[in-house]
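Working notes for the structure below.
The values are calculated or read from the model by the stated rules, or taken from the named source; none is laboratory data. Please read these numbers as outputs of a predicted model, since none were measured by experiment. Because the Cβ atoms are built from the backbone with ideal geometry, glycine has one as well, and the counts that use them run over all protein chains shown.
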Amino acid sequence: MKNISKTVSKKPWVAWVLFFATMVVVFLLGLFTYTIIENRTAGQFAFVTTTDIDPLDPRAEAWGRFFPRQFNTYAQMADTTFRSKYLGSQRRDLLDENPNMVILFAGFGFSRDYNLARGHYYSVLDVQETLRTGAPMNPQDGPMPATCWTCKSPDVPRLMAEMGVAEYYSKTLAEVGHEIHNPINCASCHEAEDMSLKIALPTLAETFTRMGRDINNVSHQEMRSLTCAQCHVEYYFGENNYLIFPWDEGMRAEDIALYFDQREFADWIHPLSRAPMLKAQHPDYEIFTTGIHYQRGVSCADCHMPYTTQGGMKFTDHKIQSPLNNISASCQTCHRQSEAELIRNVYDRQDMVHDLKNKLESVLVSSHLEAEFAWNNGATENQMREALHLIRHAQWHWDYAAASHGGAFHAPLEMVRTLGNGLDMAHEARRKITAVLVDLGFTGEIPLPDVSTKEKAQVYIGIDLEQLQAAKDRFLDEIIPQWLQASLERQERWERQRRDPDHTGSYLQ
Ligand code: HEC
Ligand code: HEC
Ligand code: HEC
Ligand code: HEC
């Protein structure tokens, strides 16, 4: 300080230089702070900008105009190259990989065709293409109700708003086929007004109400899982194909089995064993809630929709996929371990669960075939009752675990518990069948057919794949272009109305 005052008293102009230099620095700092504040506000505005999106608009592009980052990552779901040891986005023929399932699902659509899910981007196409939905050449044709579309498209909430929920479910799949065009997207999870998370489909809210809970009164972190639980859950079609989540007795395999037993509900009668069967859907949420990540407050979105940054902007990655394709963002935000170690942790758990799943599967296949043999040798309903009840429950336990593709990682212990109980029941079923055969005077080795490949198994249960595929191809060639045309015309109509400056109401009407 002394030096400066000496210098200034000798050379007064230095004081002016210092003064102006300080002014320039202060001005630049001010400018810098202003830019930061402005950028931050712009950042917030990226989420709360006033948009003119109609809340029921089912078109991803209409929302994506305002949110290009989320839209672009969403669109990356078109890429289906990733494959992990058991899962990933490639379309794989699971019946070819595992012919046991042809026998387990005999008499039910899944024995015709069962592919690994490719992802949200393909949800509508996959329903149109699978042999399970048949080849409906007319609105009243085909085995499936409109309820099938419910978790596939934001066109469904739009239609429900137009025609009423129960009315929607009462239609056939083909009757509304020309109305279902857009795969799962923005409107499935977001309010248009402020982009907060929303429950767009009625079933989860109805189920919460039955359980004495209010879906509008849950934490933000819970919503980051509950948006997924709109669809990634066990469900069945009740009266008039009304969609129901069977959680009234609880969410574990045995709780849901009890629910179905109380209602004497069966999805189908198995043509070989004649057991009244249950088909599990995909109880991802139910099983996830029994795992350590759920119990520590981690949500589905934390792993499947991690935060990412682009140009300094932090946002949610909307490419929903196997987290193993993005370990650094999906896991390493919380875990310090290397990528290789985390993958090993996942595969170890999946290997153990799959080992038990495969064991249960082959005991179940034998039990169906042996029950068939017992019937063919004159067994009576009375003799078979207990064995069939055990087969129903053993397969339900298998399917509950198997149909939740992520469960082996989400909650390995619950999966192993469920499969272990199933294995116990399946062995018990075989013992009962052997006892029936002994009663009938048969004591030799039960001769079993060769059903070791998809083709052999399908021929054995009487599926004519070529004929099914030919009918499907005709449907895809003749009907799908009509549905597509109707959808494109409808969407063009909205777009015209939207651009019309005199138009004030919803452009979906
Ligand atoms: C409107 C219903 C719906 C909602 C909501 C939904 N999903 Fe899905 N999800 C599906 C359907 C249907 C498929 C199968 C689509 C296909 O492959 O044809 C699927 C597939 C997936 C897949 C498999 C993709 C792959 O690469 O194999 C993952 C992972 C997934 N969903 C995670 C989630 C997560 C996480 C959420 C919540 C943030 C969520 N989903 C919300 C219906 C939904
Ligand atoms: C399966 C459900 C789901 C779908 C489909 C979906 N989102 Fe999101 N979105 C989320 C979740 C979960 C978050 C994180 C929200 C939070 O934690 O507040 C999010 C966050 C956002 C945000 C807030 C900013 C951010 O990035 O975190 C915007 C904007 C957004 N999504 C736009 C879109 C757009 C546009 C689409 C369609 C192209 C879309 N979303 C489709 C679930 C979904
Ligand atoms: C938001 C934080 C968070 C994220 C993201 C996360 N985890 Fe975890 N993980 C946890 C917590 C918390 C635990 C429980 C450990 C504890 O409390 O000591 C846990 C436990 C585990 C365990 C031990 C579970 C067991 O079965 O004993 C494994 C393995 C694991 N995580 C792997 C992963 C992988 C792989 C990913 C990415 C796909 C991941 N985690 C993502 C927080 C997270
Ligand atoms: C701690 C991280 C984590 C959380 C939380 C989590 N998952 Fe997963 N999920 C995974 C991993 C890891 C896999 C296995 C992926 C693989 O093997 O490629 C997986 C697999 C899946 C799959 C099968 C994906 C495929 O490629 O076919 C679906 C569907 C799924 N999860 C949905 C959900 C839903 C719904 C929730 C919430 C109820 C959830 N996940 C919560 C990490 C997580």
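Of all residues in the range 296-309, at least one satisfies being within 21 Å of the chain's Cα centre (by Cα) and hydroxyl-bearing (S, T, Y). Can A75 be described as among the small types (G, A, S), farther than 22 Å from E239 by Cα and crowded, with 21+ Cβ neighbours inside 10 Å? No. Looking only at residues of the range 278-319 that are among the hydroxyl-bearing types (S, T, Y) and under 18 Å from W247 (Cβ atoms), we find that the one that is farthest from ligand 4 (Cβ to nearest atom) is T290. A single member of E489, E495, E455 is out of contact with any strand residue (DSSP E or B) (no Cβ under 7 Å at 6 or more places or on another chain) and farther than 28 Å from E61 by Cβ, and it is E455.
The set of residues from the range 224-253 being in contact (Cβ under 8 Å) with a residue 40 or more places away in the chain and exposed (fewer than 15 other Cβ atoms within 10 Å of the Cβ) comprises just one member, N240.
Where helices (runs of 4 or more DSSP H) fall entirely within the range 352-470, those with at least 2 residues that are of a type in the set (A, V, I, L, M) and in the same structural domain as T133 (by TED's automatic domain parsing) are at 381-402, 412-439, 454-460. Checking each residue in the range 63-94 for being aliphatic (A, V, I, L, M) and either outside the structural domain of P154 (by TED's automatic domain parsing) or in contact with a strand residue (DSSP E or B) (Cβ under 9 Å, 6 or more places away or on another chain) (or both) picks out only L94. When the range 201-242 is limited to residues that are outside any loop (DSSP other than H, G, I, E, B) and within 16 Å of ligand 3 (Cβ to nearest atom), the one that is nearest to the chain's Cα centre (by Cα) turns out to be C228. Quick check: is even one residue across the range 172-183 touching a strand residue (DSSP E or B) at 6+ places or on another chain (Cβ under 8 Å) and buried (at least 21 other Cβ atoms within 10 Å of the Cβ)? Looking for residues that are touching a strand residue (DSSP E or B) at 6+ places or on another chain (Cβ under 8 Å) and buried (at least 21 other Cβ atoms within 10 Å of the Cβ), one finds at least one in the range 172-183, hence yes.
For the residues F208, F237, F260, F245, the requirement of being touching a strand residue (DSSP E or B) at 6+ places or on another chain (Cβ under 7 Å) and away from ligand 2 (no atom under 16 Å from the Cβ) singles out F237. Within the range 125-169, the only residue that satisfies the criterion of being in contact with a Gly (Cβ under 8 Å, 6 or more places away or on another chain), touching a residue at least 24 places away in the same chain (Cβ under 8 Å), farther than 16 Å from W483 by Cβ and not in a loop (DSSP other than H, G, I, E, B) is L131.
Restricting attention to the range 277-319, the residues that are surrounded by fewer than 17 Cβ atoms within 10 Å (Cβ to Cβ), away from ligand 2 (no atom under 16 Å from the Cβ) and outside any helix (DSSP H, G or I) total 1. From the list A146, A253, A229, the one residue that fits, being under 30 Å from W398 (Cβ atoms), within 16 Å of ligand 2 (Cβ to nearest atom), of a type in the set (G, A, S) and touching a helix residue (DSSP H, G or I) at 6+ places or on another chain (Cβ under 9 Å), is A229. On inspection, S170 does not qualify as within 16 Å of ligand 4 (Cβ to nearest atom) and modelled with pLDDT of 95 or more.
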